[in-house]
Amino acid sequence: MVLELYKKKRNFKETPEPEGKPKPIAIGSSTSKLAFVIQRHKASRLHYDFRIEVDGVLKSWAVPKGPSLNPADKRLAMMVEDHPYDYKDFAGIIPSGYGAGIVEIWDKGTYSDLENSDIKTAEKNIRAGLKAGNLKVRMFGEKLKGEFALVKIKSKEENTWLLIKHNDEGAVDGEYNSEDDTPQNSPINKWLTENKPEKVSKASTTSTARQVKKKISIKPH
Ligand code: MN
C-alpha cells in the first residue's frame, strides 16, 4: 500500500502533518513540472529532509548536514519512507511522537531530469535512476539550482546515499553551510537561541559533560 510506512509511524490525532491523501489529479496540464521541497527539521537532532516528487509521492532522504552547493562535498543522505505529495507544503510543530520538533521549509521549487524533459519523460528517467541507485536531477529552487546527483553507496544499511552538487553555474567554490543560509528569525533559529546551553562554569563542567553524554541520540529522525 502506498505510504503505508508513513501512516504507520504517525498518529494523525496528534500530529498536524498531512494524513497522506493521494495527490489530486491535475486538471488539464496545470502541473507541468515535478515538485521538490527541502525541510529543515529540528527533531532529536537537527537535520534536513530532501524530498522529490515521483509518481505522486515524495521520495525522501534525511540529510544530517544539509545540502551543499560545493561540488567537493558529499553529503550523507539516508533514504526514508515516502511522504505524501502535500507534505511539500508542511511547516509547523510536531508536538509528540515520530519526528517531534519543528519543521520549516528551507527551499522549494520544481525539478526535472538533466535534460529538463517533459514531466512524463522526466519521471521515467528519475524512476530508472532510483532503481539504479544513481539519480541525476536538475533543481529549480531558490537555493538549489542546477545539477545534483544522488548516489547510493554500499553500506551496512540499505538506505545510504550521497547527495553531491555538480560543477555548474549553481555551484560555489568555498565552504558552504546550509545553516548560514537560514533567516535569523525562523522558528528553529528562535528555538535554538532560546535554548542555548548556559555558559558552563568550571565547577559544573564534569556534571554537564555527563548530562550531554546521556542526551546523545544518533538517529536523524
Ligand atoms: Mn525529518
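Just to be sure I follow the rule: in segment 147-200, considering lysines 8 or more places apart or on different chains, how many pairs have Cα atoms under 26 Å apart?
For segment 147-200, the number of qualifying lysine pairs is 4.
Based only on other Cβ atoms within 10 Å, what is the fewest-to-most ordering of ASP49, ASP55?
Numbers: ASP49 25, ASP55 13.
Lowest count first: ASP55, ASP49.
What distance in nm separates the simple spin-label points at LYS124 and LYS21, each placed 7 Å from Cα in the Cβ direction?
According to this spin-label approximation, the distance is 3.2 nm.
With a sphere of radius 10 Å drawn around the Cβ of SER112, what net charge do the other residues whose Cβ falls strictly inside it have (Lys, Arg +1; Asp, Glu -1)?
-2
Using +1 at the C-beta of Lys and Arg and -1 at the C-beta of Asp and Glu, which of SER44, ILE164, GLY92 has the Cα lying farthest in the positive direction of the dipole of segment 4-215?
The residue sitting most towards the positive pole is SER44.
What dipole magnitude, in Debye to the nearest 20, does the chain give about its Cα centre under +1 on Lys/Arg Cβ and -1 on Asp/Glu Cβ?
Charge dipole, the chain, about its Cα centre: 1080 debye, nearest 20.
Taking the Cβ-Cβ separation of GLU194 and MET1 as r and a Förster radius of 45 Å, what is the calculated FRET efficiency to the nearest 0.05?
0.65
Consider a paramagnetic label point 7 Å from the Cα of ALA132 along Cα→Cβ; state which residues of segment 54-78 have an amide N under 19 Å from it.
Output list for this probe position: 54-55.
Output the 0 to 90 degree angle, nearest 10, between the alpha-carbon long axis of helix 119-132 and the longest principal axis computed from the alpha carbons of the chain.
Computed tilt is about 60 degrees.
Residues in segment 60-98, backbone N under 19 Å from the label point at ASN11 (7 Å along the Cα-to-beta-carbon vector): list them, ranges by number please.
93-98
Every number in this text was worked out from the coordinates using simple rules, so none of it is lab data. Quick caveat, the model's predicted, so the values are computed rather than measured. Note that each Cβ is placed from the backbone with ideal geometry, even for glycine, and that neighbours are counted across all protein chains shown.
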